[in-house]
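Data block below; observations after.
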Amino acid sequence: MGMLGHHFKYIVTALVLTVGHSIPLVAADLDELFSELQSSPPESQARIAKKIADEWEKNGSASLDLLSRRGKEAVEDRDFDAALDHFSALIDHDPDFAEGYNWRATVYFLLGMTGPALDDLRTLLVKSPRHFAGMRGVGVILEELGRPADALEVYRAVLQIYPAYEGVTEAVERLELELEGQAI
């Protein structure tokens, strides 16, 4: 094998080592962040949750970043139809990018389209089972649908992942009081 063959072997080995080790590190980093989220004091949890959310938003593609940015800008401008188009294109281009489903579910919810929002949240949670924001979204929708006991169960599951999630603790307390009066 000539000089080119040896260089090729080194390049392939370096690529395998880099890719093979970087993917588990990302998962390990997220595992560490989730562990830290559960064990840290309440005043530190929002900062840790932000780090987790930042990891979820990484997709490794400039074109997907552009679609994400345009979708978010459209939401800020309250142009929900344009946002829906951008997030749908994002999902079409990369159906494995879980965060795209979260963003599109939010837009569907803002448009009053509960069924499609729930479908996207279901897909999101299959792809990212610890996605506390998506879980909270399910809880909000269940409350809207008049299913407070189911919403309470979801909110409690959220708190198992993110104990100091702003608004969720209050929702649990509110629903517990509401449902306590209904128990016989």
Below 13 angstrom from the Cβ of SER35, what's the summed charge of the other residues (Lys, Arg +1; Asp, Glu -1)? -2
Tell me, what is the percent relative contact order of the range 75-172, built from C-alpha pairs under 8 Å that lie six or more residues apart? 17 percent
Can you give the extra length, in nm with one decimal, that the chain gains between HIS93 and GLU180 once fully stretched, where that is 0.36 nm per residue apart less the Cα-Cα distance? 26.7 nm
Assuming a ≥ b ≥ c are the square roots of the Cα gyration tensor eigenvalues, decide whether the range 67-130 counts as rounded (a/c under 1.5), prolate (otherwise, with a/b larger than b/c) or oblate. oblate
Heavy-atom accessible area per residue - the range 34-180, 1.4 Å, Å²: 53 Å²
Output the peptides 94-105, 123-134, 57-68 sorted from most to least packed, where packing is the average of other Cβ atoms within 10 Å over each peptide's residues. 94-105, 123-134, 57-68
Give me the net charge for the shell around GLU76: Cβ to Cβ below 12 angstrom, other residues only, Lys and Arg +1, Asp and Glu -1. +1
Classify the range 36-184 from the C-alpha gyration tensor, please: rounded if a/c falls under 1.5, else prolate or oblate depending on whether a/b exceeds b/c. oblate
Could you please report the charge total around GLY137, scoring K, R as +1 and D, E as -1 over all other residues with beta-carbon less than 13 angstrom from its beta-carbon? -2
Nearest-0.05 FRET efficiency for SER44 and VAL126 at R0 = 25 Å, using Cβ-Cβ distance, is 0.25
If every Lys and Arg gets +1 and every Asp and Glu gets -1 at its Cβ, then about the Cα centre the range 71-157 yields a dipole, in debye to the nearest 20, of 460 debye
Tell me whether the range 109-180 comes out rounded, prolate or oblate; compute the Cα gyration tensor, take square roots of the eigenvalues as a ≥ b ≥ c, and use a/c under 1.5 as the rounded threshold. oblate
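The values are calculated or read from the model by the stated rules, or taken from the named source; none is laboratory data. Given the structure is predicted, the values throughout are model-derived calculations rather than measurements. Quick reminder, even Gly has a Cβ in these numbers, built from the backbone with ideal geometry, and neighbours come from all protein chains shown. Ligands, DNA and RNA are stripped out before the accessible areas are found, and what is left, the full protein with its side chains, is counted by its heavy atoms. Shrake-Rupley method; radii C 1.70, N 1.55, O 1.52, S 1.80 Å.
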